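Read through the structure below, which is laid out as structure tokens, and then see the notes.
Laboratory data are not the source of any read-out in this text; all were calculated from the coordinates shown. Bear in mind that the values here come from a model prediction, so they are computed numbers and not experimental data. Methodologically, a virtual Cβ is constructed for each residue, glycine included, from the backbone with ideal geometry; neighbour enumeration extends over all protein chains shown.
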Amino acid sequence: MSLLIARVVLLILCTYIGYVSALHTFSSVQAAVAGAAAGILCSTTAILLEIRTRKIRLKVIICSVVGAGIGLIIANLFTASFLALQIDRGYTTILVCLCINGLFGYLGLAIGAKKGEELDISRWPILGKRDAGEKSLKILDTSVIIDGRIADICETGFMEGTFIIPQFVLRELTSIADSADSLKRNRGRRGLDVLKKIQKQTSIEVRIVDQDFPKIKEVDAKLVALAQQMNAKIITNDFNLNKVAEIQGVAVLNINQLATSVKPLVLPGEIMKVYIQREGKEPGQGVAYLDDGTMVVVENGRKFQGRDMEVAVTSVLQTTAGRMIFTVVKGENPGGGFQPPQQHRL
């Protein structure tokens, strides 16, 4: 809001200065109107440049300024020798010098901006630290906050850098916490508690930002746009957001994928003890679950339902929904009725 007020004040001030200056200089209403229009044009250009500059990375701005400065130095060295040969310095000479300065200044600016994208300043003593910090920006979406596991991961010390919480995510979280549905209300309140827990972590900086995209309605699309603008990663457990972000070139840290990756590996022939909870869909099958929720299918295990049994792993199948382990009761031989893992539908 304060930035909007500053822009309005700049617009009014430039318009007034242009009007008064032209009126005092030319003593003409038409000139005063033209001066006011020039003031509006200058202030609008400045505001547009300010908006555009916010989306440009720091190293590009630095390289552009350095390039423009070098270009102007070269232009002035050239024009100095040119002016030394001119005895009568009329308007034509001044115009030529201005054109040379504009040409070299623009070339330096353009080349600096282009090369700035290719420049790695991570090794610079001062700017390198900031650039490294900017690369560690991570935006949290609503689903991963409500999920709560991100707070536990932060406590382990595996997460570092800065967590970005957009205002539109906070509004969505607050809306869920104020829902008339008791289940949604509890989920929303849990999400707010998770945020408080993360804020207490010493290794994580939590930054709440006001950037919004009024023309974009969907929260997921806003998250992707913000990640592109800030060159940040998105932490989520939403499958659809994950795919959309990857298509648009945004890096994603998926909590579900992390959970799957850290599950203990099992190999064919390995013996494990499981509790057979229920029967499977195929005849004679029993179903058990590991502590991490992994489904274990036991061939001919239906008759052992409700008992702890030692089983031998025959194969492991990785699916989009998670991992499934196929086993037989220890000491038994898989019968001919045992189907390949790809044919199991549980």
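Close amide-amide hydrogen proximity is noted between residue 206 and 163, each under 5 Å apart and 5 or more residues distant or on a separate chain (H modeled in the peptide plane; Pro and chain starts excluded). Computed from backbone phi, the HN-Hα couplings of region 219-235 come to 5, 4, 5, 5, 4, 5, 4, 5, 5, 5, 5, 9, 6, 10, 9, 10, 9 Hz, rounded to whole numbers (Karplus: 6.51 cos²θ - 1.76 cosθ + 1.60, θ = phi - 60°; Gly and Pro given as x). DSSP beta bridges confined to the chain are antiparallel in about 50 percent of cases. Against the chain, whose longest principal axis comes from its Cα atoms, helix 182-199 is set at around 60 degrees. Using bins of 5 Å that start at zero, the share of Cα-Cα pairs per bin across region 2-118 amounts to 2, 11, 12, 11, 12, 16, 17, 12, 5, 1, 0, in whole %. Take the Cα of residue 31, step 7 Å toward its Cβ, do the same at residue 181, and the gap between the two points is 7.0 nm. As a rough footprinting exposure proxy, the listed residues 19, 106 were ranked by other beta carbons within 10 Å of their own, and the order from fewest upward is 106, 19. Between residue 24 and residue 81, full extension at 0.36 nm per residue minus the direct alpha carbon distance yields a gain of 16.7 nm. For Kirkwood radius over Cα pairs in Å, computed directly from the structure shown, the correct entry in [x] 20.6; [y] 21.7; [z] 26.6 is [z]. What you get for the chain, charging only the Cβ of Lys and Arg (+1) and of Asp and Glu (-1), is a dipole of about 340 debye around the Cα centre. As a rough guide to protection, the peptides 36-43, 25-32, 162-169 ranked by mean Cβ packing within 10 Å, highest first, stand as 162-169, 36-43, 25-32. With 18 Å as the limit, write out which pairs from 233/263; 138/222; 138/217; 184/215; 196/263; 59/114 have Cα-Cα distances beyond it, or answer none. Violating the 18 Å limit, Cα to Cα: 233/263; 138/217; 184/215; 196/263. For the chain, the longest principal axis of the Cα atoms and the long axis of helix 2-26 meet at an angle of about 10 degrees. When the helices of the chain are scored as -39500 (n - 2.57) per DSSP H run of n ≥ 4 and the total is divided over every residue, the value at 222 nm lands at -17500 deg cm²/dmol.
Once you mark the trypsin sites (Lys or Arg not before Pro) that are in a DSSP loop and have at most 13 other Cβ atoms within 10 Å, what is the longest gap between them in the chain? Formally, the longest exposed-site-free interval is 124-199. Among 20, 328, 206, the largest mean-square fluctuation in a Gaussian network model of the chain, built with springs joining Cα atoms closer than 10 Å, belongs to 20.
Per the Kirkwood formula applied to alpha carbons, region 136-261 shows a radius of gyration over Rh ratio, Rg over Rh, of 0.94. The residue list 245, 70, 34 was ranked by how far each Cα lies along the charge dipole of the chain toward its positive end, using unit charges on Cβ atoms, and 34 comes out on top.
Its Cα gyration tensor gives region 271-321 an equivalent ellipsoid, and the semi-axes of that ellipsoid, as √(5λ) in whole Å with the largest first, are 16, 13, 11.
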